[in-house]
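Data block below; observations after.
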Amino acid sequence: MVKLTMLARVADGLPLAEGLDSERQQDLEQYKQQAKTLFKKLSQGPPPPSRMSYESGAFFLHYLIEDGVCYLTLCDRGYPKKLAYQYLEDLCKEFAAANGGQVETVARPYAFIKFDTVIQRTKKLYQDTRTQRNLNKLNEDLHDIQSVMTRNINDILGQGEKLDHVSNMSQNLASETRKYSAKAKDLAFQALIQKYMPLIVVGGFLFMFLFIRYYVFGR
């Protein structure tokens, strides 16, 4: 069964639309966050595969990338992969026809929230895998469906945590370096004062002595 559907712009991971049953929203929040993290990772580094499936607990995350848009759905583990990708392809056709030319220009998240009505309508067609319509689709030879790789979602989430950890370490190191640099300057200045303080004191007394002798008593 299809549980969650999200669309995002591949270039920067900006969420474009979402289809989610409100009564199940709390239960699926964890997977929604995983999907958002996945969108961010897809926007970084080399171009991602056009299709990929990720195992996450009792579910699978399937995504399809077309014309700069990532179409993602969360399904039960037992839901056929063929139907999941056929569902995404149908959404892709609908979205491209209605909003394809506007994807690159939007700046705010969920700019195409009204597409939820299309998501809900299309999802109903794919919920029951036993209908004749869906049985026929399961028998179709879908393009490249057998070659779609499956990974564990923790693989990409773990990479993100490692990158964040390295980034935090770099920031902390830079901060500590600035602190040590400032302390080193202070210590160098203090050492300079300690080194030349006796000369400064002697010079001060000598100046005062000469000043008093020639300008006070010399008159």
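The values are calculated or read from the model by the stated rules, or taken from the named source; none is laboratory data. On a predicted model such as this, the values are computed, not experimentally measured, just so you know. Please note: Cβ atoms are built from the backbone with ideal geometry, for glycine as well, and neighbour counts cover all protein chains shown.
Annotations
- Residue tally, condition under 18 Å from P15 (Cα atoms), among the β-branched types (V, I, T) and part of a helix (DSSP H, G or I), over the stretch 97-137: 4
- Any hit, the stretch 154-166, residues being under 26 Å from A35 (Cα atoms), under 27 Å from the mean Cα position of the chain (by Cα), at pLDDT below 65 and of a type in the set (D, E): yes
- Of all the residues in the stretch 65-91, those that are more than 21 Å from R130 (Cα to Cα) and either surrounded by 22 or more Cβ atoms within 10 Å (Cβ to Cβ) or over 23 Å from the mean Cα position of the chain (by Cα) (or both) number 4.
- Test for A11: is it touching a residue at least 12 places away in the same chain (Cβ under 8 Å) and within 16 Å of the chain's Cα centre (by Cα): yes
- Against the numbered list (1) under 20 Å from D155 (Cα atoms); (2) surrounded by 20 or more Cβ atoms within 10 Å (Cβ to Cβ), Q44 comes up short only at (2).
- Screening M197 against (1) modelled with pLDDT under 75; (2) at negative phi leaves a single unmet condition, (1).
- Verdict on V202 being of a type outside the set (S, T, Y), surrounded by 10 or more Cβ atoms within 10 Å (Cβ to Cβ), assigned to a helix (DSSP H, G or I) and at pLDDT 75 or above: yes
- Residue in the stretch 75-82 that is within 26 Å of R108 (Cβ to Cβ) and either modelled with pLDDT of 95 or more or touching a strand residue (DSSP E or B) at 6+ places or on another chain (Cβ under 8 Å) (or both) present: no
- Restricting the stretch 4-56 to residues that are aliphatic (A, V, I, L, M) and assigned to a strand (DSSP E or B), the residue that is modelled with the lowest pLDDT is L20.
- Residues of the stretch 74-90 satisfying the condition of being charged (D, E, K, R) and not in a helix (DSSP H, G or I): D76, R77
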